[in-house]
Amino acid sequence: MKGLIGKKVGMTQVYDEAGVLIPVTVIEAGPCVVTAVKTEERDGYSAVQLGFGSRKAKNVTKACAGHLAKAGVTGDKLPSILREFRGVGEAAVGEEVKADAFAAGEFLDIVGYTKGRGFQGVVKRYNFGGGRASHGGAWTRRTGSIGCCEWPGRVNKGKRMPGHTGNTRCTVQNLQIVKVMAEDNVLLVKGAVPGAKGGILLLSGALKKPAAK
């Protein structure tokens with residue numbers, strides 16, 4: 001399995017060889033530098049830590065700057081995002097991983113954060129039907145009854161009620177790569193992925209699909 005950090009650029013559409021229109025998400029995938037390699041013997045688990053993006057060195061904490069310096073990552077610009085991937089195979093600290101790590105036709109599992117919607121009511125948050133609009137309704141978009149009187153005498157845990165909506169971690173599985181633009185570190189992935197434009201995405205080989213030979 002392979003892993004990469006990317007950024008959602010937006011959506012467009014392309015045609016395949018048969019002339020079929022395919023909606024695709026444009027993802028800036030990498031380049032990512034390997035900043036650490038975790039091993040079972042030393043750390044208790046196996047993983048590869050990747051760095052993506054850039055930020056000024058003055059905006060990086062001393063602890064993070066020291067960690068990156070051990071990997072040979074120095075300079076005025078340092079990675080702004082650090083993420084770990086388990087089960088991605090062999091890697092060396094300081095190595096650079098680019099979009100060409102994947103190939104067209106492969107399937108990905110993509111993790112992102114959904115768009116934040118702020119505080120919302122139950123109609124928008126959970127697709128409730130709401131109350132009647134006539135005959136003295138007056139509660140068209142309200143929750144309705146939320147508890148019991150005599151027993152248990154409280155509101156049950158997990159009750160669907162108004163609250164903060166969106167901005168939650170979301171994984172979409174088995175998205176196929178339509179095209180790899182290695183020179184630009186860009187992947188075109190069939191379908192939609194979570195989040196808004198500019199959102200950070202974690203790309204890894206699909207767990208439920210056989211690896212490409």
Under a Gaussian network model of the chain whose springs join Cα atoms within less than 10 Å, the largest fluctuation of Gly121, Gly51, Gly144 belongs to Gly144
Where Rh is the Kirkwood radius over the Cα pairs of the range 119-165, the temperature 10 °C and the viscosity 1.306 mPa s, what D in µm²/s does Stokes-Einstein return? 134
Can you flag which of Lys8/Lys190; Lys157/Lys208; Lys70/Lys179; Lys77/Lys98 are past 25 Å Cα-Cα? Lys157/Lys208; Lys70/Lys179
Per the rule of 0.36 nm per residue minus the C-alpha distance, extending Glu95 to Phe128 adds in nm 6.8 nm
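Find how much the distance from Lys179 to Val20 grows on full extension, using 0.36 nm per residue of separation minus their present alpha carbon separation; answer in nm with one decimal. Before the final figure, lay out each step's value.
Working: separation 159, 0.36 × 159 = 57.24 nm, distance 1.45 nm.
Result for the pair: 55.8 nm of gain on full extension.
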Under a GNM of the chain (C-alpha, springs under 10 Å), which listed residue has the highest mean-square fluctuation: Thr39, Thr74, Thr140? Thr140
Would you mind estimating how fast the chain diffuses translationally, via Stokes-Einstein at 10 °C and 1.306 mPa s with the Kirkwood radius over Cα pairs, in µm²/s? 78
Can you find, among Ala196, Asn156, Ala71, the residue sitting farthest towards the positive end of the charge dipole of the chain, where Lys and Arg contribute +1 and Asp and Glu -1 at Cβ? Asn156
Given the options Gly147, Gly129, Gly89, which has the most mean-square fluctuation in a GNM of the chain, springs set between C-alpha atoms less than 10 angstrom apart? Gly147
How many angstrom lie between the C-alpha centres of the range 106-158 and the range 14-32? 36
Report the label-to-label distance for Thr61 and Cys148 in nanometres (one decimal), using points 7 Å from each Cα along the Cα→Cβ vector. 4.7
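The numbers here are math on the coordinates, done by the rules we state, and not lab data. A quick note: this is a predicted structure, and the numbers were derived from the prediction, not measured. No Cβ is skipped: glycine too gets one built from the backbone with ideal geometry, and neighbour counts run over all protein chains shown.
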